């Protein structure tokens with residue numbers, strides 16, 4: 001005897017549909033996070049590298065300025081102020097026509113800035129200061145940005161204590177602690193520094 005059997009067509013139940021949607025959502029979230037990581041991590045690494053490059057450029061520029069420090073056009077002494085987070089000195093680096101710039105580096109929050117006054121007129125006189133940002137993401141906190149040394153410094157030894165007598169300063173070091181910021185919440189840091197002698201007033205320093 002031949003019997004015709006009809007198979008009932010059954011769709012997804014509500015429970016199965018919810019489970020399927022849940023699995024799909026989890027997969028999509030995972031894939032999305034993967035793409036976010038793939039595209040943002042290189043950018044963060046690039047930002048971290050840029051921060052470090054910015055700091056190194058700041059050090060080189062500062063070293064050149066200090067190395068060429070000299071008496072101001074107004075007769076002011078080479079180093080005007082020598083603080084932990086601010087320094088004022090005179091330098092002819094990058095100047096023309098006999099001008100000697102008044103240069104001020106100072107820290108405000110997590111930013112290192114530079115104020116420059118280029119003298120003008122006859123005789124040369126100092127006017128308004130032009131301020132630019134030198135370094136962002138600074139994390140020195142209570143650690144000094146500037147260290148000062150006298151004639152006895154030979155590459156090792158303690159720096160001068162504050163308040164520093166500017167007449168004793170023969171060697172200056174800039175010390176920058178920079179946030180890496182590989183992630184928005186990353187608080188790890190890297191430190192770069194560079195020291196240089198004031199050529200016009202140094203005595204026994206070798207560089």
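Each reported figure results from applying straightforward, stated rules to the coordinates on display, with no laboratory input. If you're wondering where the values come from, they're calculated on a predicted model, not measured in any experiment. Here Cβ is always computed from backbone atoms with ideal geometry, including for glycine, and neighbour counts include all displayed protein chains.
Laid out as a table, the results:
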read-out	value
Global form of the stretch 58-207, assessed from the alpha-carbon gyration tensor, a/c cut-off 1.5	oblate
Which of 180, 101 has the fewest Cβ neighbours within 10 Å, and the rest in rising order	180, 101
Computed label-point distance, nm, for sites residue 200 and residue 162 using a 7 Å Cα→Cβ extension	2.6
Potential extension, residue 25-residue 61 segment - 0.36 nm per residue separation minus Cα distance	7.7 nm
Peptide ranges 16-29, 51-64, 131-144 listed from the most packed, as the mean C-beta count within 10 angstrom indicates	51-64, 131-144, 16-29
Least to most buried among 196, 130 (fewest other Cβ within 10 Å first)	130, 196
Length added when fully stretched, residue 110-residue 193, from 0.36 nm per residue minus Cα-Cα	28.2 nm
Per-residue Cβ neighbour rank within 10 angstrom, fewest leading, 113, 91	113, 91
